[in-house]
1. Return yes when Gly81 is at pLDDT 75 or above, on the phi > 0 side of the Ramachandran plot and either part of a helix (DSSP H, G or I) or open to solvent by 30 Å² or more (accessible area, probe 1.4 Å) (or both) and no when it is not.
2. Considering only residues that are surrounded by 19 or more Cβ atoms within 10 Å (Cβ to Cβ), of a type outside the set (Lys, Arg) and more than 14 Å from Leu124 (Cα to Cα), which ones fall in the stretch 10-23?
3. All but one of (1) surrounded by 12 or more Cβ atoms within 10 Å (Cβ to Cβ); (2) assigned to a loop (DSSP other than H, G, I, E, B) hold for Met88; which doesn't?
4. So which of Ala106, Ala113, Ala71, Ala101 is assigned to a loop (DSSP other than H, G, I, E, B), open to solvent by less than 50 Å² (accessible area, probe 1.4 Å) and over 19 Å from Pro34 (Cα atoms)?
5. Go through the stretch 28-68 residue by residue and tally those that are without any contact (Cβ under 8 Å) to a residue 40 or more places away in the chain and part of a strand (DSSP E or B).
6. Aliphatic (A, V, I, L, M), open to solvent by 10 Å² or more (accessible area, probe 1.4 Å) and on the phi > 0 side of the Ramachandran plot, is that true of Val36?
7. Open to solvent by 30 Å² or more (accessible area, probe 1.4 Å), within 26 Å of Thr138 (Cα to Cα) and either among the aliphatic types (A, V, I, L, M) or under 16 Å from the mean Cα position of the chain (by Cα) (or both) - does that describe any residue in the stretch 52-65?
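The values are calculated or read from the model by the stated rules, or taken from the named source; none is laboratory data. Predicted model only: the values in this text are computed from it and were never measured. Note that we place each Cβ from the backbone using ideal geometry, even for glycine, and neighbour counts take in every protein chain shown. Heavy atoms of the whole protein, side chains included, go into the accessibility calculation; ligands, DNA and RNA do not. Shrake-Rupley method; radii C 1.70, N 1.55, O 1.52, S 1.80 Å.
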Amino acid sequence: MTADPEQAPRVVIADDQALVRGGFRLILSTAGIPVVAEAADGKEAIAAVLKHRPDVVLMDIRMPVMDGLEATRRILESRPGQDVRVIMLTTFDLDQYVYAALAAGASGFLLKAVSPEHLVAAVLLVRTGDALLAPSITRRLVERFAPRRTRFAGPGSLRAHPPRA
């Protein structure tokens, strides 16, 4: 998947590991998505966003100086009404991180094991205003909040029933 150069979102990558930042930069650049800045901690991420005004920020959760959750909160508070989107990335597949990231205003939550194609698709998707979660997280949420039925009740079961008197 390659982005239209005129429509490609501008991206800031915030991760405390230089190798991870370089890998993400390579993936995005190959897809025609410009990376306008990199940051090694949350404070640097805030400064990079204020300076470069990206469309999307790829934000690690656990970083020194300031974590990605606090940096996300501050970035989104500092740019009310502006269209910056944050995708949280982590190696930790923990529900508490998912909830905290969404509460901070993140538009997406992915695990760093994401494929290059899915990373590019995620950046393009959140740029449009949509949100996304890693498939494993979506599956857990569905299992937790949607009761399982032993058999399909059929389309008639979806009709509203009149209230009982």
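1. When the stated conditions are applied, Gly81 does not pass them.
2. Within the stretch 10-23, Ile13, Ala14, Asp15 qualify.
3. Here Met88 meets the rest and fails (2).
4. It is Ala106.
5. 5
6. Taking the combined requirement at face value, the residue does not satisfy it.
7. Checked the stretch 52-65: at least one residue is open to solvent by 30 Å² or more (accessible area, probe 1.4 Å), within 26 Å of Thr138 (Cα to Cα) and either among the aliphatic types (A, V, I, L, M) or under 16 Å from the mean Cα position of the chain (by Cα) (or both).
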